[in-house]
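The block underneath contains the structure these notes are about, expressed in structure tokens.
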Amino acid sequence: MKLALFFFLAAAGLHFDLTDARGKKPGGVTVEAADPDEDGWRQLKVLTKGKGNPVLVWPYDGRAKAADGPGNVPVIVVESGDARALSNPRVIAALAAGELLGVPHPAALDPGGLTKAFANLAVSEESFAKGVGLLYVKKPAEAVEFLGRALKERERQLTRFPSEIYPVAILYGQALMEAQKFDAAAVAFLKALKQRPSDPAATRLRAEALEKAGKPEAQ
């Protein structure tokens with residue numbers, strides 16, 4: 001009964017802050033959330049009243065969970081093939097994060113332009129975008145600083161959004177792994193696991209980090 005009540009309240013509190021390739025709220029577009037899984041995460045689906053083909057690019061895997069305070073879950077939706085996405089660092093960072101996390105999005109953007117935009121993130125002034133860009137261009141040791149900063153920024157917010165914290169923790173852990181900082185990577189993956197306790201990817205990555213750190217028994 002208590003578990004059912006928890007899921008009901010979580011579902012009731014799941015609201016979205018939608019932006020598009022222009023950084024504005026898209027007209028005629030809404031987001032619908034499915035029933036929660038065992039960790040309280042819900043698959044999102046984009047609905048439109050228009051003739052376009054909007055696609056969800058953030059959260060990177062289309063999953064969200066109710067936050068621990070007031071506020072709307074950040075969601076980015078772009079029209080498939082909309083070239084304006086290439087000049088929006090927030091959209092490009094979301095797409096690059098998806099690529100790095102193994103979930104490429106069907107945004108139907110020019111491949112050459114997208115690759116160049118991903119690489120340009122490395123000179124961004126925003127922590128998450130810069131960290132993602134550096135990781136994309138194979139500079140994990142440099143990415144560590146900025147992804148770590150981005151994770152702290154999200155953890156220190158008055159309202160913490162799981163769909164913002166989880167992917168940054170995973171990317172931070174991956175950067176640390178590639179920089180051979182295995183103990184720190186295990187801690188980062190543990191933060192991801194706290195957001196998705198049943199997640200096989202975070203479980204596997206933490207186990208790998210602990211193994212490389214010489215602490216396979218520390219779970």
Could you figure out which of (1) surrounded by fewer than 23 Cβ atoms within 10 Å (Cβ to Cβ); (2) under 19 Å from residue 60 (Cβ atoms); (3) of a type outside the set (Asp, Glu); (4) free of Cβ contacts under 8 Å to residues at least 24 places away in the same chain isn't true of residue 207?
(2)
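Go through 151, 176, 158 for me and flag whichever is farther than 19 Å from residue 131 by Cβ and in contact (Cβ under 8 Å) with a residue 12 or more places away in the chain. Talk me through it step by step, then tell me what you get.
Details: 151 fails: farther than 19 Å from residue 131 by Cβ; 176 fails: farther than 19 Å from residue 131 by Cβ.
After ruling out the rest, the residue left standing is 158.
Quick one: would you say residue 123 is over 24 Å from residue 146 (Cβ atoms), of a type in the set (Val, Ile, Thr) and out of contact with any helix residue (DSSP H, G or I) (no Cβ under 6 Å at 6 or more places or on another chain)? It would help to see each step written out before you state the result.
On the way: over 24 Å from residue 146 (Cβ atoms): no; of a type in the set (Val, Ile, Thr): yes; out of contact with any helix residue (DSSP H, G or I) (no Cβ under 6 Å at 6 or more places or on another chain): yes.
It is false that residue 123 is over 24 Å from residue 146 (Cβ atoms), of a type in the set (Val, Ile, Thr) and out of contact with any helix residue (DSSP H, G or I) (no Cβ under 6 Å at 6 or more places or on another chain).
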Looking at (1) assigned to a helix (DSSP H, G or I); (2) more than 14 Å from the chain's Cα centre (by Cα), which one does residue 92 not meet, given that it meets all the others?
(2)
Would you confirm, using the coordinates I've provided, whether residue 145 is surrounded by fewer than 16 Cβ atoms within 10 Å (Cβ to Cβ), at pLDDT 95 or above and touching a Phe, Trp or Tyr at 6+ places or on another chain (Cβ under 9 Å)?
no
Scanning region 148-161 residue by residue, those surrounded by fewer than 23 Cβ atoms within 10 Å (Cβ to Cβ) and assigned to a helix (DSSP H, G or I) turn out to be 148, 149, 152, 153, 154, 155
For region 99-127: of the residues being touching a Phe, Trp or Tyr at 6+ places or on another chain (Cβ under 7 Å) and outside any helix (DSSP H, G or I), which is surrounded by the most Cβ atoms within 10 Å (Cβ to Cβ)?
101
Residue check for residue 42: among the basic types (Lys, Arg) and farther than 25 Å from residue 199 by Cα
no
Those residues of region 184-204 which are polar (S, T, N, Q) and either without any contact (Cβ under 8 Å) to a residue 12 or more places away in the chain or over 16 Å from residue 67 (Cα atoms) (or both) amount to 198, 203
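Step by step: first the residues of region 35-55, then only those that are among the aliphatic types (A, V, I, L, M) and modelled with pLDDT under 95, then the one that is nearest to the chain's Cα centre (by Cα). Which residue is that? Steps first, answer last, please.
Start the filter on region 35-55 by keeping residues that are among the aliphatic types (A, V, I, L, M), which leaves 44, 46-47, 55.
When the remaining residues are screened for being modelled with pLDDT under 95, the result is 46-47, 55.
Values: 46: 17, 47: 21, 55: 15 Å.
Checking each candidate, the answer is 55.
Yes or no, residue by residue, for (1) over 26 Å from residue 122 (Cβ atoms); (2) surrounded by 14 or more Cβ atoms within 10 Å (Cβ to Cβ); (3) in contact with a helix residue (DSSP H, G or I) (Cβ under 7 Å, 6 or more places away or on another chain):
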position	(1), (2), (3)
46	yes, yes, no
53	yes, yes, no
77	no, yes, no
94	no, yes, no
97	no, yes, yes
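For (1) part of a helix (DSSP H, G or I); (2) more than 17 Å from residue 139 (Cβ to Cβ), each residue gets a yes or a no:
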{"site": "164", "(1), (2)": "yes, yes"}
{"site": "175", "(1), (2)": "yes, no"}
{"site": "180", "(1), (2)": "no, no"}
{"site": "188", "(1), (2)": "yes, yes"}
{"site": "194", "(1), (2)": "yes, yes"}
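Hey, can you tell me all the residues within region 52-93 that are among the charged types (D, E, K, R) and under 16 Å from residue 128 (Cβ atoms)? Quick ask: steps written out before the conclusion?
Start the filter on region 52-93 by keeping residues that are among the charged types (D, E, K, R), which leaves 61, 63, 65, 68, 79, 82, 84, 90.
Passing the criteria: only 90.
The values are calculated or read from the model by the stated rules, or taken from the named source; none is laboratory data. Because the structure is predicted, anything quoted here is derived from the model rather than measured. With ideal geometry, Cβ positions are generated from the backbone for all residues, glycine too; neighbour counts draw on all protein chains shown.
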